[in-house]
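In what follows, a structure is listed as structure tokens, so that the remarks can point back to it.
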Amino acid sequence: MPTPSSPSGRPPATVMLSRVAHSLYWMSRYIERAEDTARLLDVNLQFLADFQDLSPAPLNSWESLILSSGAQEEFRALHPVADSHRVTDFLAFELRNPGSILSCVYAARENARMIRDQISLEMWEVINELHLILKSTSTEDVWRSGPQEFFNRIIRASHLFQGLTDATFPRNEGWEFIRFGKMLERADKTTRILDVKYHVLLPSANDVGGAIDTAQWQAVLRSASALDAYRHHHVREVLPWKVAEFLIFSDTFPRSLHFCTAQVDDLLRRILGETAARPRSHAARASRRLLGELESLSINDVLRRGLHEFLVDSQATLAAISDEVAETTMFYPAESSLEDQQQQQQQLREHAPAVRRRASAAAPRAVGRPDATPPGASAT
Amino acid sequence: MSVISAPYETDSGFFDEMFTDGTAAGVRPHYRRLADRLGNLPVTEFDQRRAAVDSAFLRRGVTFTVYNDAQGTERIFPFDLIPRIIPGAEWRRIEAGLIQRLHALNCFLDDIYHAQKVLKDGVVPAALVLGAKHFRREFMNFKVPRGIYVHVCGTDLIRDAQGNYLVLEDNLRCPSGASYMIENRAAMRRAFPQLFESYGVRPVEGYAEQLLRALLHLAPEHKENPGVVLLTPGVHNSAYFEHCFLARQMGIPIVEGRDLVVRERRVYMRTTTGLQPVDVIYRRIDDDFLDPTVFRPDSMLGVPGLVNAYRAGTVALANSIGTGVADDKVIYAYVPKLIRYYLGEEPILPNVATYLASEPADRRFILDHIDRLVVKAANEAGGYGMLIGPAATKEECARFRAQVAANPRNYIAQDPIMLSRSPTWCGGRLQGRHIDLRPYILYGDKITVTPGGLTRVALRRGSLVVNSSQGGGSKDTWVLKGDE
């Protein structure tokens, strides 16, 4: 028997299709991912510019960027070596990399288009304009005018989008999905930014405290927009373990793992209705467990256990939470048939006959890929 | 230089909407105020407004998808800033004709799915109906909600050399384009705000409201908050913008097939809080894709069990299933007869003279004169499967002649249609381009016609094909309260 929930009393306007909820989630997540990747690349390029005279080059930060993105296999398939140009190109413009900035913007826009009726005109215009600009700009143009400008455009568009969402989107269930996507992505990205540098914290590292090292840790903070906040928090110099502590444990900085996890946990309660002291779902239990660790562990505990291991475990927990929420609030069969479905949609011309379509190699991905950056895929 | 300072060429073979001849004195009365305005408008300013309108369309995502393009590119529908203007009295006649026509077509559908008197009386050959691709015998003797088959109709009108309005075709399945009618108006309001106030243009914005009312008319009477949804094939469909637009305007959810589920012959949508019942579906999916258990089994766009629920009367569909049989290009030829048969009235809007390849005499005529006729496949649309004899090569004519001879039931021919011309901004000056008109007719508790419609324009010089897929654009359509 069907069990329609509250058939009376609840006006249809508050009903949210599962598909809509998920498009909101992925739209928000992809925008955040594009912004975070843009900042990461921007900081790395700046860092390189500051230290370009050094030889031998400081440890290959480009290599580690690819590792932290989790897309090393896709990268290897396309490029023999990781240098600044190739990595930037791959992470920013490569459409064959589902995690590239361009791919993310296109995916965010595709999700937004699917739910165009649900979001405000202002929100739609920001995403659509960004998409139009990127579409009409070639990679060569971007390199000619300097990639900084490109990254700034992405970051600004993301901020504008978040501000407009805040100002124009109703505080309903959709809002929770939007925030859930953003917070989950941020938490994940912060662990990855930190993971890029984990080996420096190994005891054998002997250049700790040097000029390059300090600059690198500043770069890590800037990658998470955290340098100013860190300085307010710690008056003294930038120390590796302090940086790690700040990005993991700060309960006030909005990009720290702790802060984001607390938000995720709170949103889970609302989305899954997990209000009991002992939650029913694995997702809610996993997020409580992670939150508990972040509330109780010290940075020394984490370093003893291994920073890398801790970060990878956290990433896995976040990924599992995302998967379970998708499963619980969405009842669709696997997306394997998406291509065919797309073809049928296109065949079905309203009052026009079907015409043959060429193979849809450049088919936009209309749904999210939770595994674009698989957990545990970073450096080993 | 102003917008109409360059000479404008009329063509005696075609009716021109704005000019009786190319001079300022030849401007028709209902266009005079527009002509004054354009006469004072420098080209540079006009160009700026045009650019602003185009970029607004693009930014707002008012686009359609081009299929035979490798990337499934979204394009804006080219928009011409010179409106098409229809005086009030002229419109009233069009309106009456459209209402009459839809009324008769609905009677026809009701008849052929029940008593089939029209076939028994020999008004329409039974074979034409019973053998038609879109005739759904599964729905014989099925009582559609409120007795209405076609809730949303788009009828294409053209004008002959004397300016008489003729019906070119009826679209009784999922006619599209109403969103462009509304967006075009919004664009014109932004481009020429003052002109509207002085002109007395009737608003088209009530369309969505009327459509919602027509849909609610189908909902169970006792229900306070009926579940009304718009069913779309999905984001890759060419008309997805329109689906979103209308759903947003009506404030109803837009759903895909996978959002719906049928349990015990009742339709529900999957929401984050469970299943919610659905009472009325405005479907923008063709019959064939609606339900894989009844029609195309490989359809992934439809909802398994939907037809069963519809048959059980637990959900209403707009439009109903099987309406395509009446907008068939062959049945088209019989519509004037149907109006006389069902309503006992003379048709207010005549058809274009049509020859049926299935009738031996007509067929001979078509085969002998194919180079002077327009030949159309009965079930194709969008300007495909069509031969324009006078413009075609010998090979093309020969190919169509063979096709018609092989499969006469599938073809009709018409005298070359006379599309009127309207001044259109092309190549930096006003030039005459051919246009048609698709008004939108809604059937709820009564039949209403939105004052206006989609005027499509063939932007290529001399072209008579206005379809967006074939290089067509559109114009705003102004129906005046008065006559000037």
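Taking the range B:304-320 as the search range and keeping residues that are hydroxyl-bearing (Ser, Thr, Tyr) and in contact with a strand residue (DSSP E or B) (Cβ under 8 Å, 6 or more places away or on another chain), which one is nearest to the other protein chains (Cβ to nearest Cβ)?
The initial filter retains those residues of the range B:304-320 that are hydroxyl-bearing (Ser, Thr, Tyr), namely B:310, B:314, B:320.
Those left that are additionally in contact with a strand residue (DSSP E or B) (Cβ under 8 Å, 6 or more places away or on another chain): B:310, B:314.
On the way: B:310: 17, B:314: 12 Å.
Checking each candidate, the answer is B:314.
How many residues does the range A:99-133 contain that are touching a Leu at 6+ places or on another chain (Cβ under 9 Å), aliphatic (A, V, I, L, M) and surrounded by fewer than 20 Cβ atoms within 10 Å (Cβ to Cβ)? Number of matching residues: 1.
Among the listed residues B:390, B:347, which satisfies the condition of being surrounded by 17 or more Cβ atoms within 10 Å (Cβ to Cβ) and not polar (S, T, N, Q)?
Exactly one residue qualifies, and that residue is B:347.
Residue B:247 falls short on exactly one of the conditions (1) in a strand (DSSP E or B); (2) closer than 19 Å to residue B:151 by Cα; (3) facing another protein chain (nearest Cβ under 7 Å), and that condition is (1). Of all the residues that make up the range B:321-344, how many are buried (at least 22 other Cβ atoms within 10 Å of the Cβ) and hydroxyl-bearing (Ser, Thr, Tyr)? Matching residues across the range B:321-344 total 3.
Return a yes/no flag: does the range B:167-181 have any residue that is aliphatic (A, V, I, L, M), free of Cβ contacts under 8 Å to residues at least 40 places away in the same chain and buried (at least 18 other Cβ atoms within 10 Å of the Cβ). For the range B:167-181, residues aliphatic (A, V, I, L, M), free of Cβ contacts under 8 Å to residues at least 40 places away in the same chain and buried (at least 18 other Cβ atoms within 10 Å of the Cβ): absent.
Does residue A:162 satisfy the criteria of being modelled with pLDDT of 90 or more and surrounded by 15 or more Cβ atoms within 10 Å (Cβ to Cβ)? Even if it seems obvious, please write down each step before you answer.
Details: modelled with pLDDT of 90 or more: yes; surrounded by 15 or more Cβ atoms within 10 Å (Cβ to Cβ): yes.
The answer is yes for residue A:162.
I want to confirm something. Restricting to the range B:260-282 and keeping residues that are under 28 Å from the mean Cα position of the chain (by Cα) and within 11 Å of another protein chain (Cβ to nearest Cβ), which single residue is farthest from residue B:151 (Cα to Cα)? Ranking the qualifying residues of the range B:260-282, first place goes to B:260.
Test residue A:116 against the criterion of being outside any helix (DSSP H, G or I), under 20 Å from residue B:58 (Cβ atoms) and basic (Lys, Arg), and give yes or no. Yes; evaluated as a whole, the condition is true for this residue. The residues on offer are B:205, B:256, B:224, B:264, and the sole one that is in contact (Cβ under 8 Å) with a residue 40 or more places away in the chain and acidic (Asp, Glu) is B:256. Each residue in the range B:209-234 was checked for being among the small types (Gly, Ala, Ser) and modelled with pLDDT of 95 or more, and 1 of them qualify. When the range B:283-303 is filtered for residues that are within 12 Å of chain A (Cβ to nearest Cβ) and either in a strand (DSSP E or B) or more than 14 Å from residue B:136 (Cα to Cα) (or both), the ones remaining, listed by number, are B:283, B:284, B:285, B:292, B:298, B:299, B:300, B:301, B:302.
Limited to the range B:367-380, what total is found for residues that are closer than 30 Å to residue B:174 by Cβ and in contact (Cβ under 8 Å) with a residue 12 or more places away in the chain? Show your work before the answer.
Residues of the range B:367-380 closer than 30 Å to residue B:174 by Cβ: B:373-380.
From what's left, in contact (Cβ under 8 Å) with a residue 12 or more places away in the chain: B:373-379.
Selection size over the range B:367-380: 7.
Hey, among B:472, B:452, B:432, B:444, which residue is of a type outside the set (D, E, K, R), closer than 30 Å to residue B:145 by Cβ and buried (at least 22 other Cβ atoms within 10 Å of the Cβ)? Criteria check complete, one pass: B:452.
When residue B:324 is tested against the conditions (1) out of contact with any Pro (no Cβ under 6 Å at 6 or more places or on another chain); (2) within 14 Å of another protein chain (Cβ to nearest Cβ); (3) outside any helix (DSSP H, G or I); (4) not β-branched (Val, Ile, Thr), the lone failure is (3).
The values are calculated or read from the model by the stated rules, or taken from the named source; none is laboratory data. Since we're looking at a predicted model, the values are computed, not measured. Methodologically, a virtual Cβ is constructed for each residue, glycine included, from the backbone with ideal geometry; neighbour enumeration extends over all protein chains shown.
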